[in-house]
1. In sequence order, what are the phi-derived ³J(HN,Hα) couplings for the stretch 14-29 according to the Karplus relation 6.51 cos²θ - 1.76 cosθ + 1.60 with θ = phi - 60°, rounded to whole Hz, with x for glycine and proline?
2. Could you please state, rounded to a whole Å, how far the C-alpha centre of the stretch 96-121 is from the C-alpha centre of the stretch 39-67?
3. Determine, from the Cβ-Cβ distance of Ser81 and Asp202 and an R0 of 30 Å, the FRET efficiency 1/(1 + (r/R0)^6), rounded to the nearest 0.05.
4. Give me the three principal axis extents of the stretch 65-105 from the C-alpha atoms, as integers in angstrom, largest value leading.
5. Enumerate the whole-percent occupancy of each 10 Å bin, from 0 to the last occupied one, for all C-alpha pair distances of the stretch 1-112.
6. Could you give me the ³J(HN,Hα) list for the stretch 125-136, computed from phi with Karplus coefficients 6.51, -1.76, 1.60 and θ = phi - 60°, whole Hz, x at Gly and Pro?
7. Using a 10 Å cut-off around each Cβ, can you sort Met1, Met139, Met116 from fewest to most neighbouring Cβ atoms?
8. Taking 0.36 nm per residue of separation and subtracting the Cα-Cα distance, what length does fully extending Ala8 through Leu125 add?
Amino acid sequence: MSARYDCADTQQREDGLVTATSAVQEGQLVVLPTDTVYGIGADAFSPVAVAKLLAAKGRGRNAPPPVLVGSVRAAAALTQSLGAYGQDLIDEFWPGPLTLVFRASSTLVWDLGDTMGTVAVRMPLHPVALDLLRRTGPMAVSSANKHGEPSATTADEAEAQLGEAVSVYLDGGPCADSVPSTILDLTGTVPRLLRAGVISIDALRKVVPVIDLPVQAVPEEDLSPADRRAAEAIAAGLTSTVAAKPAAPHPLAAPGTEPEQAAAPEQQPGPGD
């Protein structure tokens, strides 16, 4: 039977954090509040626990969960390098709703799914989440909802969808907003936007002047000859101005594959962080 704790009560919050920490260490699943939406989490270094997380959501290995951390040191230990922009972005936006994709450290022994050697990392700006993460260490955390269902913005909504698959529910009250985190890929020469979210492009550009933005597809039959030639010119210009070979599509760039749901840029978010 699942246990649930009201984190607005000091004693219940502490009891819940102790119980949730033990559950994570034993390979079980917990639901926790974040600064975007509720998340379902597991020990990032337990392949069995991560597999339980994906099964509870009804997702496959092609939708690897991001990793939430409680400190910058923990994040750095998961990556090969923070790169040219990672530390500046972390200093400006963490804790907060910015997920950064790095090359994963080759020394890690874990299995998050089909990550293509990368790891998506975030430090959430929520006291309950941060407290738990500093007790457990890095956790694989996806949105606390079934695949294709709305994001859970309350513990009630998360429990209604996930039920007994989760051992511990930490109730931190309603989420302030259901908009997911912004996802920025730092694995290539030019930082690449994978998902628009809470952090705006203008805010990101104050730290990273050049960002590769996704090109929105337009059905060919909807284009006039002039518009088609204009689109071809834009595509040719993008190709000629980026010297580096385009990176292969990242799993988080596909619709419906992220922790806070992977909604495509400019679309309303679905299942969340």
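1. Whole-Hz 3J(HN,Hα) from phi for the stretch 14-29: 5, 4, x, 5, 5, 5, 5, 4, 5, 4, 4, 5, 8, x, 9, 9.
2. 13 Å
3. 0.65
4. Ordered largest first, the stretch 65-105 gives principal extents of 24, 23, 17 Å.
5. In whole percents, the pair-distance histogram is 12, 38, 36, 13, 1.
6. Whole-Hz 3J(HN,Hα) from phi for the stretch 125-136: 8, 8, x, 5, 4, 4, 4, 5, 5, 6, 8, 8.
7. Numbers: Met1 5, Met139 27, Met116 15.
Sorted ascending by nearby Cβ count, the order is Met1, Met116, Met139.
8. Gain on extension, Ala8 to Leu125, equals 40.5 nm.
None of the figures in this text is laboratory data; all of them are computed from the coordinates on show. Keep in mind that what you see is a predicted model, and the values were worked out from it rather than measured. Reconstructed Cβ throughout: ideal geometry from the backbone, glycine too, with neighbour counts over all protein chains shown.
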